[in-house]
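Trainee: The structure under discussion is supplied below as structure tokens; questions concerning it will follow.
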Amino acid sequence: MTKKALATTLKAMMERSSLDKITVKELVAECGVNRQTFYYHFQDIYDLLGWIYRTEALDAISNCRTYDTWQQGFLKLFHYVLDNKKFCLSTYRSMGREHLDLFLHKAVFELLMGVIEEVDVGKQVRAEDKKFIANFYTFAFIGIMLEWIRNGMGEEPSLIIDRLSILVEGDVEKAISKYVNIS
């Protein structure tokens, strides 16, 4: 309950102010808890920021890590960012940007690894090669999302996902097949 209250308060504060200008002192005063309570749960505001991204968005896409559902997972990520526009923009434009990048990398990488593992069944591609493939696509997808954020999130997420689907259709299978006999 306390973690959620701190998260809700931080998000509300980020609607009005830059993350870089919010202090723990101000956060706990607005939330109605003491500093000791905050530090019992989090090391600093950036730790709380990371917790928010992990708990709010990563759980939402946990069941979208298959070949047939990856588009739904990406769409959920886009909608999370859009639904939390001021919060995500404040993060993007602050010292907390690394937390947004880490959150996106973790979410996209795990989603893609699920797809890659499914496509790899019976082919036995080396783990490091699967990670390489996942990283390649992860950075491409994150780049598209960050550009979308940078441009004000104006384009409809479903259109972006449709374009991505057309672009990468069959590519994961093709990449896996290229790594099958590499030792």
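Trainee: Taking Cα pairs under 8 Å and at least six residues apart, what relative contact order does the stretch 93-183 come out at, in percent?
Mentor: On the way: 41 pairs, mean separation 38.3, N = 91.
Once divided by the residue count of the stretch 93-183, the mean separation gives 42 percent.
Trainee: What is the local net charge at GLY152, summed over the other residues whose Cβ is closer than 14 Å to its Cβ (Lys, Arg +1; Asp, Glu -1)? Spell out each step's value before the answer.
Mentor: Details: positive: LYS85, LYS86, ARG93, ARG150; negative: GLU147, GLU155, GLU156.
My count for the surroundings of GLY152 gives +1.
Trainee: Let me ask something else about it. Please compute the contact order of the chain in relative form: average sequence separation of alpha-carbon pairs under 8 Å and at least six residues apart, divided by the residue count, as a percent. Spell out each step's value before the answer.
Mentor: On the way: 152 pairs, mean separation 41.0, N = 183.
Answer for the chain is 22 percent.
Trainee: Still on this structure, I have one more. How far is it, in nm, from the label point at ARG93 to the one at LYS4 when both lie 7 Å from their Cα along the line to the Cβ?
Mentor: Taking the two extended label points, one gets 3.0 nm.
Trainee: If you take the beta carbon distance between LEU167 and TYR39 as r and set R0 to 45 Å, what does 1/(1 + (r/R0)^6) give as a FRET efficiency, to the nearest 0.05?
Mentor: The computed FRET efficiency comes out at 0.50.
Trainee: Give me the lysines in straight-line cross-link reach of LYS21: C-alpha distance below 23 Å, same-chain residues under 8 apart excluded.
Mentor: LYS3, LYS4, LYS11, LYS85, LYS86
Trainee: For helix 2-16, what angle does its Cα long axis make with the longest principal axis of the chain, in degrees from 0 to 90 and rounded to 10?
Mentor: Taking Cα atoms only, the helix is inclined about 90 degrees.
Trainee: What is the stretch 1-62's relative contact order, in percent, from Cα pairs under 8 angstrom and six or more apart in sequence? Kindly include the intermediate steps, with their values, before the conclusion.
Mentor: Details: 27 pairs, mean separation 21.1, N = 62.
So the answer I get is 34 percent.
Trainee: Also, quick follow-up: If I compute Cα extents along the principal axes in Å from the structure I just sent, which labelled value in (1) 61, 30, 21; (2) 59, 35, 24; (3) 46, 35, 31 lines up?
Mentor: (2)
Trainee: Separation of the stretch 127-152 and the stretch 36-107 by C-alpha centroid, Å?
Mentor: After rounding, the separation between the Cα centres reads 15 Å.
Trainee: Next question. With +1 on each Lys and Arg Cβ and -1 on each Asp and Glu Cβ, how big is the dipole of the stretch 62-183 about its Cα centre, in debye rounded to the nearest 20? Present the calculation step by step, with values, prior to reporting the outcome.
Mentor: On the way: 15 positive and 17 negative charges, 75 e Å.
Around 360 debye, computed over the stretch 62-183.
Trainee: Picking from SER17, GLY73, GLN124, whose Cα lies most toward the positive end of the charge dipole for the chain (charges on Cβ: Lys, Arg +1; Asp, Glu -1)?
Mentor: Final value for the positive-end residue is SER17.
Every number in this text was worked out from the coordinates using simple rules, so none of it is lab data. None of these values were measured; they are calculated from a predicted model. Backbone-built Cβ (ideal geometry, glycine too); neighbour counts: all protein chains shown.
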